[in-house]
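A.B. asks: Below is one structure. I have some questions about it.
Rule-based calculations on the coordinates, nothing more; no lab input. Note that the coordinates shown come from a computational prediction; the quantities given were computed from them, not determined experimentally. All Cβ positions, even for glycine, are placed from backbone atoms using ideal geometry, and neighbour counts span all protein chains on display.
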Amino acid sequence: MAHKEIAAFEDLATQIFDFAESFPRLADLGVEPLRGSPGERGALLLQGPLKMLQTVVMVTVNGKAQGVADRFKALLSRSKWVAADAVDGALAGSFTPQPTRPWMSGAEGLKERLREHDPATQFVLLLVAEGLNGGCCQHGTVSGIAAVEDRGPCAFVLDHGRSRTGKRPGFNYSGSLRPARVTPARPVPDAIAKPDYFSDGNPAAEAAHPARNTPPVLNEAEAAKMRHANRIGREILDAAARVVRVGVTTDEIDRVVHDATIAAGAYPAPLHYHDFPKSVCTSVNEVVCHGIPDLRPLEDGDIVNVDVSAIVDGYHTDLNETFCVGTVAAPVRALVKASHDSLWKVRTRRRPRRPRRARRPRRPRRTTRALRRSTSASPACCTATSAA
């Protein structure tokens, strides 16, 4: 029985460590107020009987609130901050030494973790199960990001947005870039008109639209609406450009684009399109297109393509631009510039389609073999021609 309980406790600890990691503001909003002093090394200690720990974790994980204060209320109210030099004493009070084990199970590596974690962005979470095999503990390091919204849980995206996981996917990545956690989709006010795929991800109206096969010809009023939509799209992209810099997450770019789109009375077209989870596409470095905004901060030397799409009064605007972040290598800058210059060169060739002139009926072409036949069959004609 003890072995099953120990295994259950270890699974419980893994569950709450992963879940705490999915709330990037837990470190500064939930744990920092409990520290003895800012940046103090120590651990957030949650201890009690196994049944109590299981209840607290169940309430926390199964809650619906997206903010730290409400989602972790049960856990934080039953936890306390213990400074690093007082951790051994706190564990000693919860442990009954055994003849074959004079130390608490699971405490291995705790001192190193307390010494090596970064108090500015991380904290150590310490769970102690009282009465279990004389006392057991599990510990983990939880990281936070203060410069993001207080929304969670944040998870890794699978299957183009259709599912989530707490573990980073083990794909065969082509470069050094790795995905980070993705925040929940941002809400859209009721006043904003929504496409059919908003609820189920299926753009059925798009698939059935006649414009898929026959490009529409706009009248003056429709063309004016299209120009207005394109101006809105350009303004949204400019708003995104103003926040691109080292240290900013692509999730923050998504927030700016989402808010600017809603403020314009438009709908962010990527949101829920075939289950896409965000309001803009941000493709960093080797990501070709349609990258999902996440909590990875942009780094010096990155390039990021921001692809804005919005539905404005029934008209769809779609435009993108690639930005250099910090100091970018010369070959990479040259690639971006060549792509930009190519676009503008092509734009100089644009013109309205000219009416197609009626074609003259073509004279039947005579092959070389047919010509030879006619020549050999009419020698007098050839002679007459040469005589003339």
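A.B. asks: Filter LYS4/LYS278; LYS4/LYS80; LYS64/LYS111; LYS73/LYS278; LYS64/LYS225 down to the pairs with a C-alpha to C-alpha distance above 31 Å, please.
C.D. replies: Working: LYS4/LYS278 41 Å; LYS4/LYS80 28 Å; LYS64/LYS111 35 Å; LYS73/LYS278 28 Å; LYS64/LYS225 41 Å.
The answer is LYS4/LYS278; LYS64/LYS111; LYS64/LYS225.
A.B. asks: Once amide H atoms are placed 1.01 Å from N in the peptide plane, what residues at a sequence separation of 5 or more from VAL248, or on another chain, have their amide H within under 5 Å of its amide H?
C.D. replies: Placed amide hydrogens put LEU298 under 5 Å from VAL248.
A.B. asks: Which whole-number percent gives the relative contact order of segment 258-307, counting Cα pairs below 8 Å spaced six or more residues apart?
C.D. replies: On the way: 62 pairs, mean separation 13.9, N = 50.
Once normalised by length, the contact order is 28 percent.
A.B. asks: Right, something else. 7 Å from Cα along Cα→Cβ at both LEU34 and ARG168: what's the point-to-point distance in nm?
C.D. replies: For the pair LEU34/ARG168, the computed spacing is 2.7 nm.
A.B. asks: How much of the DSSP beta bridge set in segment 2-143 is antiparallel, as a percent to the nearest 5?
C.D. replies: On the way: 14 of 21 bridges.
Restricted to segment 2-143, the bridges split so that about 65 percent are antiparallel.
A.B. asks: Of (i) 65, 25, 21; (ii) 34, 26, 23; (iii) 60, 26, 20, which is the value of semi-axes √(5λ) of the Cα gyration tensor in Å derived from the coordinates here?
C.D. replies: (i)
A.B. asks: Hey, if you put +1 on the Cβ of every Lys and Arg and -1 on every Asp and Glu Cβ in the chain, which of VAL217, ALA65, LEU75 ends up farthest toward the positive end of that dipole?
C.D. replies: Positive-most Cα among the choices belongs to VAL217.
A.B. asks: Going by average Cβ density within 10 Å per residue, which order do the peptides 277-284, 338-345, 83-90, 234-241 take, highest to lowest? Provide the component values of the computation, followed by the final result.
C.D. replies: On the way: 277-284: 24.8, 338-345: 10.0, 83-90: 15.0, 234-241: 18.2.
Highest mean packing first, the order is 277-284, 234-241, 83-90, 338-345.
A.B. asks: Here's a follow-up. Find which of GLY170, HIS272, PRO195 sits farthest along the positive direction of the dipole of segment 156-344, computed with +1 on the beta-carbon of Lys and Arg, -1 on that of Asp and Glu, about the Cα centre.
C.D. replies: Ranked along the dipole, the leading option is GLY170.
A.B. asks: Towards the positive end of the charge dipole of the chain, with charges on Cβ (+1 Lys, Arg; -1 Asp, Glu), say which of THR348, HIS290, GLY106 has the farthest Cα.
C.D. replies: After comparing all options, I get THR348.
A.B. asks: Please give the Cα centre distance for segment 320-338 versus segment 29-71, rounded to the nearest Å.
C.D. replies: So the separation of the two Cα centres works out to 43 Å.
A.B. asks: Please report Rg over Rh for segment 160-245, where both radii come from the alpha carbon positions and Rh follows the Kirkwood definition. Before the final figure, lay out the partial values.
C.D. replies: Values: Rg = 18.8 Å, Rh = 17.8 Å.
On the Cα set of segment 160-245, Rg over Rh gives 1.05.
A.B. asks: In the P(r) worked out for segment 156-344, what percent of Cα pairs fall beyond 29 Å?
C.D. replies: Numbers: 4599 of 17766 pairs.
Here the long-distance tail beyond 29 Å is 26 percent of all Cα pairs in segment 156-344.
A.B. asks: Continuing with the same structure: To the nearest 20 debye, what charge dipole does the chain have about its Cα centre, counting +1 at the Cβ of each Lys and Arg and -1 at the Cβ of each Asp and Glu? Numbers along the way, then the final one.
C.D. replies: Details: 53 positive and 42 negative charges, 831 e Å.
My answer is approximately 4000 debye.
A.B. asks: Sticking with this one: Across segment 105-119, in residue order, what do the Karplus-derived ³J(HN,Hα) couplings come to in whole Hz, using 6.51 cos²θ - 1.76 cosθ + 1.60 with θ = phi - 60° and x for Gly and Pro?
C.D. replies: 5, x, 7, 4, x, 5, 4, 5, 5, 5, 7, 9, 6, 9, x
A.B. asks: Give the average over all directions of the projected area of the C-alpha convex hull of segment 2-143, one decimal, in nm².
C.D. replies: Its Cα hull, projected and averaged over all orientations, spans 7.9 nm².
A.B. asks: Once you charge only the Cβ atoms, +1 for Lys and Arg and -1 for Asp and Glu, what is the size of the charge dipole of segment 2-143 about its Cα centre, to the nearest 20 debye? Before the final figure, lay out each step's value.
C.D. replies: On the way: 14 positive and 16 negative charges, 76 e Å.
About 360 debye.
A.B. asks: For a quick check: sort CYS154, CYS137, CYS289, CYS324 by the number of other beta carbons within 10 angstrom, fewest at the front. Please report the intermediate quantities before stating the final value.
C.D. replies: Values: CYS154 22, CYS137 25, CYS289 9, CYS324 16.
Lowest to highest Cβ neighbour count: CYS289, CYS324, CYS154, CYS137.
A.B. asks: At R0 = 41 Å, how high is the FRET efficiency between GLU149 and ALA193 if r is their beta carbon distance? Nearest 0.05 is fine. Mind showing how you got there, number by number?
C.D. replies: Details: r = 25 Å, r/R0 = 0.61.
In this case the efficiency is close to 0.95.
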